[in-house]
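Contents: one structure, followed by commentary.
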Amino acid sequence: MTWDWNFAIEIFPRIFKAMWITLGATVAAYLIALTLGLVLTLLRRTSFKPLKWLTVGFIEFVRSTPPLVQLFFLFYALPEIPYIGFSLSPFATGALGLGIHYSTYVSEIYRSGIESIPKSQWEAATALNFSR
């Protein structure tokens with residue numbers, strides 16, 4: 001089997017274009033995951049019980065379903081929902097779907113970091129007049 005150099009010359013520009021699209025989707029999903037993860041952490045730590053239960057339910061539901069199923073739902077099923085259905089571009093669907101999925105994991109990381117702070121540190125912060 002011989003190597004076809006013409007094929008390699010034709011395919012490499014397409015590979016590099018796809019690489020930049022992949023990197024863009026990765027960065028977008030990462031930013032969505034960090035931001036939404038912080039919001040979910042704050043909602044999970046609220047004292048309003050119904051909101052806390054909804055947040056915990058959302059986090060557990062998203063974490064227990066595969067990301068591919070979520071991406072298929074966002075791309076194919078979301079536009080079919082009456083009155084609220086809207087379609088997203090493939091890039092936006094991928095970035096948003098992966099960002100939402102991984103934001104639940106980031107939320108748990110934030111939560112565990114906050115809960116690992118000893119009670120004495122919280123009391124010291126209160127004594128120094130820091131806000132919660």
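The values are calculated or read from the model by the stated rules, or taken from the named source; none is laboratory data. The shown structure was predicted, so the numbers you read here are calculated from the model rather than taken from an experiment. Here the Cβ positions follow ideal geometry from the backbone for every residue, glycine too, while neighbour counts run over all protein chains shown. Heads up: the accessible areas ignore ligands, DNA and RNA and are worked out on the full protein's heavy atoms, side chains in. Shrake-Rupley method; radii C 1.70, N 1.55, O 1.52, S 1.80 Å.
Within region 36-78, restricting attention to residues that are more than 16 Å from the chain's Cα centre (by Cα) and polar (S, T, N, Q), the residue that is surrounded by the fewest Cβ atoms within 10 Å (Cβ to Cβ) is Ser47.
In region 13-30, of all residues being of a type in the set (A, V, I, L, M, F, W, C) and open to solvent by 100 Å² or more (accessible area, probe 1.4 Å), the one that is modelled with the lowest pLDDT corresponds to Phe16. Take the conditions (1) at pLDDT 95 or above; (2) surrounded by fewer than 12 Cβ atoms within 10 Å (Cβ to Cβ); Ala127 misses just one of them, which is (1). If we scan region 112-123, do we find a residue that is open to solvent by less than 90 Å² (accessible area, probe 1.4 Å), in contact (Cβ under 8 Å) with a residue 12 or more places away in the chain, in a helix (DSSP H, G or I) and not polar (S, T, N, Q)? There is at least one residue in region 112-123 that is open to solvent by less than 90 Å² (accessible area, probe 1.4 Å), in contact (Cβ under 8 Å) with a residue 12 or more places away in the chain, in a helix (DSSP H, G or I) and not polar (S, T, N, Q).
A Cβ distance below 9 Å, combined with a sequence gap of six or more or placement on separate chains, defines the contacts here; from region 5-30, residues that are farther than 14 Å from Gly99 by Cα reach residues that are open to solvent by 90 Å² or more (accessible area, probe 1.4 Å) and in a helix (DSSP H, G or I) in the pairs Ile21/Phe91.
Looking across region 83-103, just one residue is surrounded by 20 or more Cβ atoms within 10 Å (Cβ to Cβ), more than 15 Å from Phe61 (Cα to Cα) and of a type in the set (Ser, Thr, Tyr), and that is Thr93.
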